[in-house]
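This report concerns only the one structure given below.
The values are calculated or read from the model by the stated rules, or taken from the named source; none is laboratory data. Worth saying up front: this structure is predicted, and the values here are computed from it rather than measured. Because the Cβ atoms are built from the backbone with ideal geometry, glycine has one as well, and the counts that use them run over all protein chains shown. Note: accessible area is taken over every heavy atom of the protein model, side chains too, but ligands, DNA and RNA are not part of it. Shrake-Rupley method; radii C 1.70, N 1.55, O 1.52, S 1.80 Å.
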Amino acid sequence: MRHNGTIAPAPKNELLRNPYFVVTTEDLSSGAQLVRVVRCSAVFLDLADIRMQYGLVISRLDRLGRTGRFLLVDLRSAPGRTDPGFEAIMTDLRPKMFAGFRRVGILTSTAGGTVQVMRHTREDGVDALICSSEAELLSFFRIAQPRR
């Protein structure tokens, strides 16, 4: 069964929550805003599901607006995937997701994932920091790490 991202009302800073993604905003002391897109561990049903789920994220980002905001994409829980169909869909979707943000940072958990994401951002012409350290990304955004 496909999930359309319409779970019960979300907290004010939560833009989307479903088995695939959690998208939130965090107001920063500098007055800027961090948008956090966390890819959960759920496996997509098929290629159409990938397009639909990323489309939900992109539409939420479009509605929020991107100018002046930082984007942190957390892929640490995402299942690895390199098949040609996935690669083709993501080639289309990545630029739509990353466009317009002040800075983009991407969290990965494996060396292979880091290399793959670095290749993607280079191919897309996206200037992003890719690493496994949230503290390093937050420093890249020049903000303090949030208290947990």
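Data for the structure
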item	result
Some residue of region 105-112 being without any contact (Cβ under 8 Å) to a residue 40 or more places away in the chain, among the hydrophobic types (A, V, I, L, M, F, W, C), surrounded by 19 or more Cβ atoms within 10 Å (Cβ to Cβ) and closer than 15 Å to L71 by Cβ	yes
Given (1) exposed (fewer than 15 other Cβ atoms within 10 Å of the Cβ); (2) within 19 Å of E14 (Cα to Cα), number of the condition F70 does not satisfy	(1)
Residue match in region 89-101 (condition: touching a Gly at 6+ places or on another chain (Cβ under 6 Å) and either surrounded by 14 or more Cβ atoms within 10 Å (Cβ to Cβ) or assigned to a helix (DSSP H, G or I) (or both))	no
Sole residue being of a type outside the set (F, W, Y), open to solvent by 60 Å² or more (accessible area, probe 1.4 Å), over 23 Å from E14 (Cβ atoms) and part of a helix (DSSP H, G or I), chosen from R81, R119	R119
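To keep it simple, each residue is scored yes or no on (1) among the hydrophobic types (A, V, I, L, M, F, W, C); (2) closer than 18 Å to F140 by Cα.
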residue: N13; (1), (2): no, no
residue: F21; (1), (2): yes, no
residue: T24; (1), (2): no, no
residue: G55; (1), (2): no, no
residue: R66; (1), (2): no, yes
residue: L71; (1), (2): yes, yes
residue: P79; (1), (2): no, no
residue: T82; (1), (2): no, no
